[in-house]
Amino acid sequence: MKTAVLEQKQKQDISKSSDVEAKNPFLEEEETEEYNPFDSQDLENLEDISSSIDEENDSKVSEVTGEEKAVSKGLNLVLIAKIAAILVVVFGCIYTVSRPCVMGECQEMDTARDFSQKSKQTIETVSSSKAPALASEDLQSGIKLLETIPFWSPRYPEAKALLSVYQKEFNELNSVVKSLNVAAKASEMGQNPPHSVEDWTKMQSMWEEAIAFLDQVPNSSIVYPFAQARWQQYRANLGDVRNRLKLERDGEQILATAKKTAQVAEARQGVAKYAESWQQVFETWQTAANTLSTIPYGTTAYQSAQVLLARYQPKLEAARDRKTIEQVGLDAYNQAISNSEQAKLLEQRGAWSEAVTYWSRAVSYGKQVPVSSSYSAKIKPLLTTFNDSWKRADVQNQITSRLEKARQDLGKLCSGSPKVCNYNVSENLITVRLTSEYVNQIQSTAKNADQIGDSKKRSEAENHVQVLKVALETISQNAKISLEVYGANNEKIATHVPL
């Protein structure tokens, strides 16, 4: 019973569904009105049908099984799907015919052309760097309008061709805009130099990037004259940056060399002692300072060089002063040694007078060695030796002088006719030997005077002998050397010890 009722219900639904499908809402009939899926009457009929179905189902709810409910629900879903399909088709048609340039005039294409023309006028008339950006905005507006024209529009081929042209022009303008933006950043970065090598390197890359964007603009482009003018300017800027980068790199290299030279100077100064080593210290500091002075002006290295120069200059001056002191000490020391060596040679020759002179010079030069010089410690013990040698030589020179004077005096005293005496002078003794001729003459004169009673001649003979004695004693006194006088027979006849 339940199965029969269900089969009858399905037949009724199929019959109703066939009646609905038989009507085409997009076809016209001669004797019937056009079917409208959104007609209110039809919607009411659909509601009545649905209501009757629901009432019928409700009246038989006690007899319908779970299987019958599923079938009823499926039929409702089929009906809803068909209605939705109809709605999609209708709205699709409305959307299709409502798109730009599908029917009637194509205002979008005309406006896009206006934007393109405005873009070109901006490039031709505006001279500021904002011109490419303004032109790009206008052209972008035109491109967006052309992109709204659908492919089913009869104006679509024309719009597509314009879109291709405008997109190409937009890309060219955009390349210039990108170039200007990069150039602006590079210009801002280059303000207030000097800059480091890293910053100059970044600026170089930025100018190269800006130029590369301009290189993408063909000579047929309307923005090409603008791009070419900027290209020339950017190439010049790139050249300047490259020069500054080279100067900065050279400055850093020179600065590093100067620092290494200063380190060498510091090391040498730590072990420097005598004139030669201090000369090297001074020359090394001077090389470091001279190297710093070659660093190009307007670089970060130049600023660092000024700081280092202020630090190196006192050390350079101190090294120069110490070098001078050491050189004075070396010269004085060498002179002292040279004169002492010469004095020794003169002593060996017995030239005591000259030896005294050279010992005096050695002492004088030794005293000229600066106390702050490294040679002061070397000359100090030598000065004692030089002074002692000088005194010894002076004493010896005095002795020699006295001996020489004694010889000269004895030579005068012993000379005559006949010869009075012979003599020998040493440091300890003056020996005088009267000649037999002189003794015989004195004795003969005295004897003759006695024989003839001539007291005067005898007195003269005696006076001569007395004068000879006094003279010999005087020579001995002056020479501070003992005197011994011998007669003709080699007998000692007189002595004298100086006081």
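The values are calculated or read from the model by the stated rules, or taken from the named source; none is laboratory data. Values in this document were obtained by computation on a predicted structure and should not be read as measured data. We place every Cβ from the backbone using ideal geometry, glycine too, and count neighbours over all the protein chains shown. We work out accessible area using only protein heavy atoms, side chains counted, and drop any ligands, DNA or RNA first. Shrake-Rupley method; radii C 1.70, N 1.55, O 1.52, S 1.80 Å.
A few comments on the model shown:
- Sites GLN121 and ALA310 - FRET efficiency at Förster radius 51 Å, r taken between beta-carbons, to 0.05: 0.25
- Spacing of the modelled spin labels on ILE452 and LEU345, each 7 Å from Cα toward Cβ, amounts to 6.4 nm.
- Taking amide H as placed 1.01 Å from N in the peptide plane, the amide H of SER482 sits under 5 Å from that of ILE430, each at least 5 places away or on another chain.
- Distance violations [Cα-Cα > 30 Å] among LYS120/LYS178; LYS130/LYS202; LYS412/LYS447; LYS202/LYS259; LYS378/LYS480; LYS447/LYS492: LYS378/LYS480
- Label sites at THR385 and ASP331, each approximated as a point 7 angstrom past Cα along Cα to Cβ, lie 2.5 nm apart.
- Label-point gap, in nm, between ALA494 and ASN440 - each point 7 angstrom along Cα→Cβ: 2.2 nm
- A Förster distance of 35 Å, applied to the separation of the beta-carbon atoms of GLU137 and SER293, puts the FRET efficiency at 0.05.
- Length released on extending from GLN233 to GLU209, taking residue separation times 0.36 nm less the Cα-Cα span: 7.3 nm
- Around the amide H of CYS421, modelled in the peptide plane, lie the amide H atoms of THR435, all under 5 Å away and 5 or more residues distant in sequence or on another chain.
- Amide H to amide H, with H built 1.01 Å from N, ALA494 comes under 5 Å of VAL485, counting only residues 5 or more places away or on other chains.
- Rounded to 0.05, the FRET efficiency of the VAL470 and ASP394 pair, given R0 = 41 Å and the Cβ-Cβ distance, is 0.85.
- Residue-by-residue Karplus 3J(HN,Hα) for the range 386-393, coefficients 6.51, -1.76, 1.60, Hz, glycine and proline x: 5, 5, 4, 5, 4, 5, 4, 5
- Applying a threshold of 27 Å to the alpha-carbon distances of LYS273/LYS315; LYS144/LYS185; LYS260/LYS315; LYS273/LYS391; LYS405/LYS456 flags LYS144/LYS185; LYS273/LYS391; LYS405/LYS456 as lying beyond it.
- In the full protein context, the range 152-237 carries 54 Å² of accessible surface per residue, based on a 1.4 Å probe and ignoring ligands, DNA and RNA.
- Net charge dipole, the range 111-252: roughly 340 debye, given to the nearest 20, about the Cα centre with Cβ charges of +1 for Lys and Arg and -1 for Asp and Glu.
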